[in-house]
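Q: Below is the structure I would like to discuss, written out as structure tokens.
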Number of protein chains: 2
Amino acid sequence: MRALREVERITTRKQVAERAGVSEATVSRVLNNVGPVKESTRRKVLQAAKELGYVPNAIAQRFARRKSGSIGVVLPFVPKVRMFSTFYFSEILSGIGEEIVRKGLDLLLLFKPADGEMDYTMPFRTGKIDALIILGSRNRPGELRELIKLQQSGYPFCLVNQHFPGYSFNGIDADHVRGSREAVQHLIEQGYKRIAFLNGPVEYSNSLDRLEGYRQALEEAGLPLVSDLIFEGNYSRTSGYRAASDVAAKISDIDAIFAANDRMAIGLIQGLYERGIRAGVDIAVVGYDNIDAAVVCEPPLTTVHVPFHEMGKRAAEWMISQMTSGAEVHFYEKLETELIVRRSSIKEGGVTSQ
Amino acid sequence: MRALREVERITTRKQVAERAGVSEATVSRVLNNVGPVKESTRRKVLQAAKELGYVPNAIAQRFARRKSGSIGVVLPFVPKVRMFSTFYFSEILSGIGEEIVRKGLDLLLLFKPADGEMDYTMPFRTGKIDALIILGSRNRPGELRELIKLQQSGYPFCLVNQHFPGYSFNGIDADHVRGSREAVQHLIEQGYKRIAFLNGPVEYSNSLDRLEGYRQALEEAGLPLVSDLIFEGNYSRTSGYRAASDVAAKISDIDAIFAANDRMAIGLIQGLYERGIRAGVDIAVVGYDNIDAAVVCEPPLTTVHVPFHEMGKRAAEWMISQMTSGAEVHFYEKLETELIVRRSSIKEGGVTSQ
DNA sequence: ATAAATAGTGTACGCGCGTACATTTTTATG
DNA sequence: CATAAAAATGTACGCGCGTACACTATTTAT
């Protein structure tokens, strides 16, 4: 049952016009709902279009309108060893997609190259996109240079879950300072006083925010910030696992630890376990992100939920409004996080080892 | 430092031609490497293009070439409660992306509507895409109808990780029959004889393949296939959790269970644990997919690794070759899976049930 | 030397649609 | 009924690029 490619020739506006007995312009007017059209004419045109199975050629429309009608979304290069949870990006992406579809726009997925920087202005200059949403940006010289260039070119774009101190790029963030502060406050409320911190690389504003939240919580409680109790990983599970040895070495000074994300927290828990230190019993652990695995690990991980989906949606909403209004308004939004308490951090919880 | 939108006017081929002192056609020839061009002319043109910062307008190119240069990727509607691991799609998507970027094409992300079917021919008819890769397809009447329509229209497309018995749609799959057989064989080798099966919905060919693998393994070992020991979930963790009560009710007849994916396996393990049945001790468990969480759950889950990334890449390779060759060749590839043995299924790890 | 092949370049047009402007038809107004 | 205003429709053109074809300059074959 090999199909005849009916691909060959598309039906065009001209044919619809002929069949309806009107001019091409009238067909356009009817289909775009622009200008006054007599009701009977409208019906004739719609009828003809329907009979011919006419669908406007999107490429020609974009060409004539000088608008691509699509929004680019940049994904960072993610090597085989995933630095971020795929969860993170999937959630944001689905939020963006939901909004874009709702507005009848297209989503062009752009992948950052493995090596070197990406020229963010290029997809604009080639006319492929009308707006850009950048995920997984980092504070690095090359990256920053590209962002500044993009900013100066005046094309509408925004960052998600990253900001650059000293620069006013448009962006949607979550309030990670507050999220982290609440996480650490929770530990303090549980009675822990010697709270360590496993952070991620400083090139992510997330890390700086987490540190600030950690600092604030300690300060409020009158607890000292001990730099020896601040460790650094790279947000991967493995790095959390590796950090376990450092943490274990100072375990006599530590009764709780706040990890900057769940993946590290889970790796840490495993690493500590192998050294005889039981999370939720010998040490309290709090993570961040509320990924799927947080509820299935042992013990279930207390963490901070981040509204990634909503963040993606808001980013898309902003970009779409910029595109349609044409106005060049600055925005920077922080959405709220939510502490999710599970067994890894609660004192009463300690029970089973095995 | 508000930017002047340099967006206003793009530089065009015409300007490059003038500056280089040649015709527009020659500019085109140089930039597209087509036809003979004198070396000195080539340099003049490239120089002029560089000086003007000229970039061809992609939309105009597509319009003139009557090719969109982009490949569509359909994602199923994923409601708040994710039916599949996001892992699954992220991996496939990154494989597709890798290949598409390599070939200088674009990736248009298409989201299936929440309700009703999607007309897969539409993005072709509007000229938005040249080929389509469909993820998360299911064997349902409406879906099948759309696929048949698409097939008959002759546009190049393929499915990933799904096939329809009786239809020869192009597709990239993994050998789930074999993967499942090996998983169950592994359990048999460990000495288990009463092996239950927690499957997913039959609208996924994955489920049928898993069942067949399960059947084959039992048959080879001369073990009976007991329909009472076959349970059904919907691939979500929650459904695995719920299945635990059914499994627990028959626990005296079961010493191992093969779950059709990791999410269900993990939910099942939790549910059983709450009923006093310990995975890896009282019951052996094997999952499928090798998601991130499989290595961090307790006990670490024996599972079957599926090369999702590679599958995406192969799908993209096929579609690109179809696009460029124009030939309409049929393909259906099955990639190999790999059994990953962890603690949830090995006898030494545990004590003994009854 | 001349003809024929080839390299190099320019001219002209179409891709399908949006839309400014011109023109015709209808309606409102007195 | 005449006329101005408004509504409805048609004509014409441009969006930026690819490319068929025509044409000229150069090389090769005879």
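The values are calculated or read from the model by the stated rules, or taken from the named source; none is laboratory data. Just so we're clear, the structure is a prediction, and the values are computed from it rather than from any experiment. Because the Cβ atoms are built from the backbone with ideal geometry, glycine has one as well, and the counts that use them run over all protein chains shown. Just the protein is used for accessible areas: all its heavy atoms, side chains included, with ligands, DNA and RNA removed. Shrake-Rupley method; radii C 1.70, N 1.55, O 1.52, S 1.80 Å.
Q: Quickly run through the stretch B:33-51 and pick out the residues that are within 11 Å of DNA strand D (Cβ to nearest atom) and either charged (D, E, K, R) or open to solvent by less than 80 Å² (accessible area, probe 1.4 Å) (or both).
A: Residues satisfying the conditions are B:Val34, B:Gly35, B:Lys38, B:Ala49.
Q: For B:Ser94, which of the numbered conditions (1) closer than 24 Å to A:Met118 by Cβ; (2) at pLDDT 95 or above fails to hold?
A: Answer for B:Ser94: the failing condition is (2).
Q: Among the residues in the stretch B:222-231, are any within 26 Å of B:Ile291 (Cα to Cα), touching a Phe, Trp or Tyr at 6+ places or on another chain (Cβ under 8 Å) and β-branched (Val, Ile, Thr)?
A: Yes, some residue in the stretch B:222-231 is within 26 Å of B:Ile291 (Cα to Cα), touching a Phe, Trp or Tyr at 6+ places or on another chain (Cβ under 8 Å) and β-branched (Val, Ile, Thr).
Q: Would you confirm whether any residue within the stretch A:17-26 is surrounded by 14 or more Cβ atoms within 10 Å (Cβ to Cβ), at pLDDT 95 or above and either assigned to a loop (DSSP other than H, G, I, E, B) or within 13 Å of chain B (Cβ to nearest Cβ) (or both)?
A: Checked the stretch A:17-26: at least one residue is surrounded by 14 or more Cβ atoms within 10 Å (Cβ to Cβ), at pLDDT 95 or above and either assigned to a loop (DSSP other than H, G, I, E, B) or within 13 Å of chain B (Cβ to nearest Cβ) (or both).
Q: Additional query: List the number of the failed condition for A:Leu75; all other conditions in (1) farther than 29 Å from A:Asn199 by Cβ; (2) under 19 Å from the mean Cα position of the chain (by Cα) hold.
A: It fails just one condition, (1).
Q: So A:Glu336 fits all but one of (1) within 19 Å of the chain's Cα centre (by Cα); (2) buried (at least 16 other Cβ atoms within 10 Å of the Cβ); what number is the exception?
A: (2)
Q: Do you know which of the residues in the stretch A:287-307 that are at pLDDT below 95 and either aliphatic (A, V, I, L, M) or over 20 Å from A:Gly240 (Cα atoms) (or both) is surrounded by the fewest Cβ atoms within 10 Å (Cβ to Cβ)?
A: Across the stretch A:287-307, the extreme among qualifying residues is A:Val295.
Q: Also, I was wondering about something else. For B:Ala60, are the conditions met, namely being within 11 Å of DNA strand C (Cβ to nearest atom), open to solvent by less than 80 Å² (accessible area, probe 1.4 Å) and assigned to a helix (DSSP H, G or I)?
A: Taking the combined requirement at face value, the residue satisfies it.
Q: If you don't mind, another one. Which residues, counting only those in the stretch A:275-290, are farther than 21 Å from A:Gln185 by Cα and in contact (Cβ under 8 Å) with a residue 12 or more places away in the chain?
A: The answer is A:Arg275, A:Ile277, A:Arg278.
Q: Another one. Just give me the residues in the stretch A:149-169 being open to solvent by less than 20 Å² (accessible area, probe 1.4 Å), touching a Ser or Thr at 6+ places or on another chain (Cβ under 6 Å) and under 23 Å from A:Ile96 (Cα atoms), in sequence order.
A: A:Leu150, A:Leu159, A:Gln162
Q: From B:Ser245, B:Ser239, which residue is out of contact with any Phe, Trp or Tyr (no Cβ under 8 Å at 6 or more places or on another chain), open to solvent by 20 Å² or more (accessible area, probe 1.4 Å) and in a helix (DSSP H, G or I)?
A: None of the others qualify; the one that does is B:Ser245.
Q: Next question. Restricting attention to the stretch A:95-113, report how many residues are touching a Gly at 6+ places or on another chain (Cβ under 7 Å) and at the interface with chain B (Cβ under 7 Å from one of its Cβ atoms).
A: Number satisfying all stated conditions: 5.
Q: Right, next: Pull out all pairs, ordered by first then second residue, where Cβ-Cβ is under 6 Å, the residues are six or more apart or on different chains, the first lies in the stretch A:121-139 and is farther than 21 Å from A:Tyr167 by Cβ, and the second is of a type in the set (Ser, Thr, Tyr) and crowded, with 22+ Cβ neighbours inside 10 Å.
A: Going by the 6 Å Cβ cut-off, the qualifying pairs are A:Gly127/A:Ser68; A:Lys128/A:Ser68; A:Ile129/A:Ser68; A:Ile129/A:Ser70; A:Asp130/A:Ser68.
Q: Now, a different point. Would you mention how many residues in the stretch A:114-140 are within 8 Å of another protein chain (Cβ to nearest Cβ) and charged (D, E, K, R)?
A: Residues that pass the stated criteria total 2.
Results for (1) in contact (Cβ under 8 Å) with a residue 60 or more places away in the chain; (2) open to solvent by less than 40 Å² (accessible area, probe 1.4 Å); (3) within 14 Å of chain A (Cβ to nearest Cβ), shown as yes or no for each residue.
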position	(1), (2), (3)
B:Gly142	no, yes, no
B:Leu147	no, yes, yes
B:Gly171	yes, yes, no
B:Asp175	yes, yes, no
B:Ser180	yes, yes, no
B:Gly191	yes, yes, no
B:Glu203	yes, yes, no
B:Glu220	no, no, no
B:Phe231	no, yes, no
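Q: Residue by residue through the stretch B:91-125, note down the ones that are surrounded by fewer than 18 Cβ atoms within 10 Å (Cβ to Cβ) and under 23 Å from A:Glu99 (Cβ atoms).
A: B:Pro113, B:Ala114, B:Asp115, B:Gly116, B:Glu117, B:Asp119, B:Met122, listed by residue number.
Q: Within the stretch B:232-267, can you find the residues that are closer than 19 Å to B:Glu298 by Cβ and charged (D, E, K, R)?
A: Result: B:Arg237, B:Asp262, B:Arg263.
Q: Do any residues in the stretch A:18-47 that are farther than 21 Å from A:Gln61 by Cβ have Cβ atoms under 6 Å from those of residues that are more than 8 Å from DNA strand C (Cβ to nearest atom), where the two are at least six apart or on different chains, and which pairs are they?
A: Cβ pairs passing all conditions: A:Lys44/A:Ala20.
Q: Count, please, the residues in the stretch A:261-279 that happen to be within 12 Å of chain B (Cβ to nearest Cβ) and open to solvent by less than 40 Å² (accessible area, probe 1.4 Å).
A: Total meeting the criteria: 10.
Q: So how many residues does the stretch A:33-52 have that are within 12 Å of DNA strand C (Cβ to nearest atom) and closer than 22 Å to B:Phe124 by Cβ?
A: Summing the residues that are within 12 Å of DNA strand C (Cβ to nearest atom) and closer than 22 Å to B:Phe124 by Cβ in the stretch A:33-52 gives 2.
Q: Is it true that some residue in the stretch B:73-87 is assigned to a helix (DSSP H, G or I), open to solvent by 10 Å² or more (accessible area, probe 1.4 Å) and touching a residue at least 40 places away in the same chain (Cβ under 8 Å)?
A: yes
Q: Inspect the stretch A:333-345 for any residue being small (Gly, Ala, Ser) and in the same structural domain as A:Pro201 (by TED's automatic domain parsing) and give the result as yes or no.
A: yes
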